[in-house]
Each structure stands twice: as structure tokens, then as C-alpha cells.
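Everything on this sheet refers to the single structure shown next.
The values are calculated or read from the model by the stated rules, or taken from the named source; none is laboratory data. Worth saying up front: this structure is predicted, and the values here are computed from it rather than measured. FYI the Cβ positions are ideal-geometry reconstructions off the backbone, even for glycines, and counts take in every protein chain you see.
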Amino acid sequence: MNKLIVGNWKMYPTLSDSVVLATSFKTALEDIKGVEVVLAPPSAWLISVKEAMKHPLTHVHLAAQNIWPDDQGAFTGEVSAYFLKDLVKYAIVGHSERRRNNKEGNEIISKKIEACLKWNVTPILCVGEKEKTIGEGSKINQEAWEETVEQFVSALHSIPKDKFGSIFVAYEPVWAIGYNKQADSDYVVSFISKLKEKAIEEFGAKASNDLRFIYGGSVSDTNCSDYLRRPEIEGFLIGTMSVRAKEFIDICRQAAAIK
Ligand code: PGA
């Protein structure tokens, strides 16, 4: 399966920056097949980015950085999956910045996943520990594991198992987010493998096998090859480098070259 490369533009680009980025990605990505690229601009710019990508490429899609679980109602400042369903194919859910800044808990995150699935928007569920507490070598620290697995299981426990094939899980250790703080690829692979085992225990082998796992945290054009070699890592959620056109395109090119 092609790797999924998600660019989370966060609140970095202005409207004009976003249009410029979308236009340059569209041109460059025309020749880069064998990868699925997802762009997540600030929600206010989604329509303009969509227009800038006119006649969109079949392997390039848009994502929302967040959604609200109810369809319509008195929710000032929020945008629902129902409202976004014709604009985006994906939605990021439970990003650590929202968990921290908006005090988002596992219960609402689970409802957001349900809302996405209801409207055929593919959720990208973010999970990961806050502190860097790696044990010897790439050993996973128990506290880090417990924190992450709680996010993982509680977000998914009420989701019908036959929907797991429409969900991506982004393992993003919070301490690795930013620039040049990436987690070692052995560590990421051990973490993903442990999450898959946990999913077998909680949800069964088929559901576990259906989930797709990507990694996020300081992914760049210079370190991505380390992760791309590992089949357990099925793509990236990229922040900083997603708004640097040359670097992001280079990551997509490297991901497309992996078979
Ligand atoms: P980063 O961000 O690539 O800048 O580490 C990743 C994220 O926050 O999703």
C-alpha cells in the first residue's frame, strides 16, 4: 500500500501563503505517484486551497486539522465533520496541541472519530506520550506506554471493529514534535508493534490488522529515509516541514520511491 504523507500546516500559513503552497505542491506532485498526500491547511483556508488545486490529482487530498462531533447546533467557533465532508477526505483528531491547549480528552476524541466515520471522513487519530522517558536502548518506558495506550484504547473502544480499516493512527511522541527532536526509528517501530499487539487483545486480530499506523515528530527530508525503510511505519504526519515546499516535496518523492 502507498505511504500516507500528511502535512499538518497548523496555524502557520496565511491565506496567500496557503494558496502559493497548494499551487506549488500541485505542480510538483503531478509527477510523484505511488504516494498518498494529504494537506491540512487552517480550516478557514480550505475552500481557497481546494480552488487552488483545481482538477485535483487523484493522490492528493485535503484534511481538516480538527472537527466537532455534533453535526449542527450551538457550538460557537466549531466546524463539524458533516460540514466538512465534501471538502476533505481526512481529519486529524486528538492532536497533542489540542489535547494540551483545548483540554481535549479521550471521550470527545472518540466521538470525533465516530462523527468522521459517519460522514466518510477518514480520521487520523493522534496518540503519544508527553515526556521523553526512553529506557535503555529503544526500550519503551512503562509510564510512556500506559499514557499512550490509554489514549489509543479509549478513543477506539466504542468504534465498530468493521470500521478500523478506515482509521489511521498517528503515533506522535509529544517530546519529538518540533524540529530536530525526532524519535529513533527502532523506538517508533517497537511502539507501533506494541500498539498492534494491544489492538489484537482489545479488538481482535482482524481489526488490529486493518488499522494503519503512521509516525509524526520532527520528520524531515533528511531523516525520513530511516522511517520509510520500515514497513511498520505506513506514512507520516508532518508539521514544520509541511509548510516548506522543497522539503515536503522531497519527503513525498522519497516515500513514493519505496516499494
Ligand atoms: P513536527 O510536527 O513535524 O513539526 O514535529 C508534527 C505534528 O505536530 O503533527
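Structure notes:
- Scanning the stretch 80-92 for residues that are within 16 Å of the ligand (Cβ to nearest atom) and in contact (Cβ under 8 Å) with a residue 40 or more places away in the chain yields 90, 92.
- Which listed residue, of 150, 143, 172, is among the acidic types (Asp, Glu) and within 16 Å of the ligand (Cβ to nearest atom): 172
- Note on the stretch 9-20: among residues that are touching a helix residue (DSSP H, G or I) at 6+ places or on another chain (Cβ under 6 Å) and in contact (Cβ under 8 Å) with a residue 60 or more places away in the chain, the one that is surrounded by the most Cβ atoms within 10 Å (Cβ to Cβ) is 9.
- Subset of the stretch 87-108 (residues that are among the β-branched types (Val, Ile, Thr) and buried (at least 24 other Cβ atoms within 10 Å of the Cβ)): 88, 92, 93
- Answer residue from the stretch 59-113, given it is among the acidic types (Asp, Glu) and under 20 Å from residue 40 (Cα atoms) and is nearest to the chain's Cα centre (by Cα) among those: 97
- Residue in the stretch 177-189 that is of a type in the set (Phe, Trp, Tyr) and within 16 Å of the ligand (Cβ to nearest atom) present: yes
- Odd one out for residue 230 among (1) touching a residue at least 40 places away in the same chain (Cβ under 8 Å); (2) within 15 Å of residue 34 (Cα to Cα): (2)
- The residue that is farthest from residue 188 (Cα to Cα), among those in the stretch 236-249 that are within 14 Å of the ligand (Cβ to nearest atom) and not β-branched (Val, Ile, Thr), is 244.
- Residues satisfying the stated conditions in the stretch 30-43, i.e. hydrophobic (A, V, I, L, M, F, W, C) and within 16 Å of the ligand (Cβ to nearest atom): 37, 38, 39, 40
- Look at (1) more than 16 Å from the ligand (Cβ to nearest atom); (2) over 28 Å from residue 148 (Cβ atoms) and you find that residue 13 fails only one, number (1).
- Odd one out for residue 75 among (1) at pLDDT 95 or above; (2) within 16 Å of the ligand (Cβ to nearest atom): (2)
- Residue identified as surrounded by 22 or more Cβ atoms within 10 Å (Cβ to Cβ) and either out of contact with any Lys or Arg (no Cβ under 7 Å at 6 or more places or on another chain) or farther than 26 Å from residue 242 by Cβ (or both) among 188, 149, 121, 153: 188
- Any hit, the stretch 203-219, residues being modelled with pLDDT of 95 or more, within 16 Å of the ligand (Cβ to nearest atom) and among the aromatic types (Phe, Trp, Tyr): yes
- The one condition from (1) within 16 Å of the ligand (Cβ to nearest atom); (2) among the aliphatic types (A, V, I, L, M); (3) closer than 18 Å to residue 63 by Cβ that residue 233 does not meet is (3).
Let's see how each residue does on (1) part of a loop (DSSP other than H, G, I, E, B); (2) surrounded by fewer than 16 Cβ atoms within 10 Å (Cβ to Cβ); (3) within 16 Å of the ligand (Cβ to nearest atom):
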position	(1), (2), (3)
1	yes, yes, no
6	no, no, yes
22	no, no, no
28	no, no, no
45	no, no, no
48	no, yes, no
